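Heads up, the thing below is written out as structure tokens.
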Amino acid sequence: MIKLFKEIYQYRELLYTTIKKDIRGKYKGSVLGILWSFLNPLLQVFVYYLVFPYLMGNVIDNYLIYLITGLIPWTFFLTTVQGGTRAIKDNAGIIKKVYFPREILLISQVCSGLINFFISCVIILIFCIGAGVGISIHLLALPVVALVQAILILGLILILSAVEVYIQDLEYIVQFVLQMGFYATPVIYPLKVFSKAGLLLTLINLNPLTTLMNAYRGCFLYHTWPNWGALGAVLLLSLVILMIGFWVFGRLQRNFAEEL
């Protein structure tokens with residue numbers, strides 16, 4: 001593992017270049033370019049804000065802020081996992097021709113996703129100020145929460161991208177699981193909607209993304225510090241997944257060139 005980190009450090013310029021390429025390439029050819037980092041979540045918020053208050057009734061105050069503080073972190077998770085799952089397959093040409101630590105492609109996906117996420121957080125701040133929610137010192141916890149989420153994502157895509165080389169149907173399975181995960185995470189609904197759901201509520205609470213969503217909303221909406229115990233448990237889980245991810249990726253990458 002130490003050897004891998006040293007190797008990644010030696011190729012840090014390639015990592016930096018790849019991150020810039022991922023950010024620019026995402027919106028290459030579009031008229032509005034990086035402005036889509038703002039527009040995409042805004043359009044989603046607009047659609048859900050029109051529909052869901054009528055379905056759920058007035059079950060939560062400041063629903064617009066609640067919604068945007070869930071959708072933007074979820075979008076970070078969704079787009080990075082989807083892109084990361086395809087990262088090795090999408091870069092088959094360069095993998096076959098040039099040697100470099102393949103893990104760079106996945107680290108780049110997470111770093112570029114994290115940068116886009118922090119850009120999108122500007123939207124949340126604008127809405128918080130405009131809606132009278134305001135901002136507080138609890139925003140200092142935001143980088144910590146985002147880092148935990150980034151570690152979780154990196155561990156997942158290390159596994160998924162490596163397996164995708166051998167089982168190319170995996171990306172479609174991932175898309176389905178992510179769709180299910182959206183409804184298993186309190187992105188657009190408050191947990192009290194399921195207060196009498198018993199086992200279902202327990203499963204939603206065990207979802208690590210639920211802890212992350214609660215932490216983000218504490219930073220932006222409720223002006224509270226995260227539940228450090230719960231966040232620490234998610235960090236521990238994320239680190240375990242990350243270590244497994246590096247191990248799985250290291251074992252499977254030996255035959256990437258032959259399989260791609």
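The values are calculated or read from the model by the stated rules, or taken from the named source; none is laboratory data. Since we're looking at a predicted model, the values are computed, not measured. Cβ coordinates were reconstructed from backbone atoms using ideal geometry, including for glycine residues, and neighbour counts include every protein chain displayed. Each accessible area value is taken on the protein alone, full model and side chains, heavy atoms only, with ligands, DNA and RNA left out. Shrake-Rupley method; radii C 1.70, N 1.55, O 1.52, S 1.80 Å.
A single member of K192, K196 is without any contact (Cβ under 8 Å) to a residue 12 or more places away in the chain, open to solvent by 40 Å² or more (accessible area, probe 1.4 Å) and closer than 19 Å to I60 by Cβ, and it is K196.
When the stretch 203-214 is filtered for residues that are open to solvent by less than 70 Å² (accessible area, probe 1.4 Å) and either assigned to a loop (DSSP other than H, G, I, E, B) or not aliphatic (A, V, I, L, M) (or both), the ones remaining, listed by number, are N207, P208, T210, T211.
Of the residues G181, G134, G93, only one is at pLDDT below 95 and on the phi > 0 side of the Ramachandran plot; which?
Working: G181 fails: on the phi > 0 side of the Ramachandran plot; G93 fails: on the phi > 0 side of the Ramachandran plot.
Of the residues listed, the single one that is at pLDDT below 95 and on the phi > 0 side of the Ramachandran plot is G134.
Given the residues F77, F118, which is the only one that is closer than 24 Å to N227 by Cα and touching a residue at least 40 places away in the same chain (Cβ under 8 Å)?
Answer to the selection: F77.
From the list L252, L160, L231, pick out the single residue that is out of contact with any His (no Cβ under 9 Å at 6 or more places or on another chain), closer than 30 Å to L64 by Cβ, surrounded by 15 or more Cβ atoms within 10 Å (Cβ to Cβ) and touching a residue at least 40 places away in the same chain (Cβ under 8 Å). Working first, answer last.
Values: L252 fails: closer than 30 Å to L64 by Cβ; L160 fails: closer than 30 Å to L64 by Cβ.
Result of the check over L252, L160, L231: L231.
Can we say S30 is at pLDDT below 70 and closer than 30 Å to Y189 by Cα? No. Out of Y54, Y99, Y49, one residue alone is aromatic (F, W, Y), open to solvent by 60 Å² or more (accessible area, probe 1.4 Å), in contact with a Leu (Cβ under 7 Å, 6 or more places away or on another chain) and at pLDDT below 85. It is Y49.
Just one of F246, F256 is hydrophobic (A, V, I, L, M, F, W, C), over 30 Å from I123 (Cα atoms) and at pLDDT below 90; which is it?
Residue meeting the stated conditions: F256.
Can you tell me which residue in the stretch 126-176 is farthest from P73 (Cα to Cα), limited to those that are in a helix (DSSP H, G or I) and charged (D, E, K, R)?
Step one: list which residues in the stretch 126-176 are in a helix (DSSP H, G or I), which gives 126-130, 137-166, 170-176.
Subsequent filtering for residues that are charged (D, E, K, R) retains 164, 171.
Numbers: E164: 25, E171: 21 Å.
By that ranking, first place goes to E164.
Looking across the stretch 85-111 at every residue that is assigned to a helix (DSSP H, G or I) and without any contact (Cβ under 8 Å) to a residue 60 or more places away in the chain, the one that is nearest to the chain's Cα centre (by Cα) is identified as V110.
The rows are residues; the columns are (1) modelled with pLDDT of 95 or more; (2) hydrophobic (A, V, I, L, M, F, W, C).
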| site | (1), (2) |
| --- | --- |
| T202 | no, no |
| L206 | no, yes |
| L212 | yes, yes |
| R217 | yes, no |
| L235 | yes, yes |
| L260 | no, yes |
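Output the residue which, of all residues in the stretch 215-228 that are open to solvent by 50 Å² or more (accessible area, probe 1.4 Å) and among the aromatic types (F, W, Y), is nearest to F127 (Cα to Cα). For the stretch 215-228, the residue satisfying everything is Y222.
Mind checking whether some residue in the stretch 110-130 is farther than 22 Å from N40 by Cβ and open to solvent by 40 Å² or more (accessible area, probe 1.4 Å)? Explain how you work it out, then say what you get.
Pass one, the stretch 110-130, residues farther than 22 Å from N40 by Cβ: none.
No.
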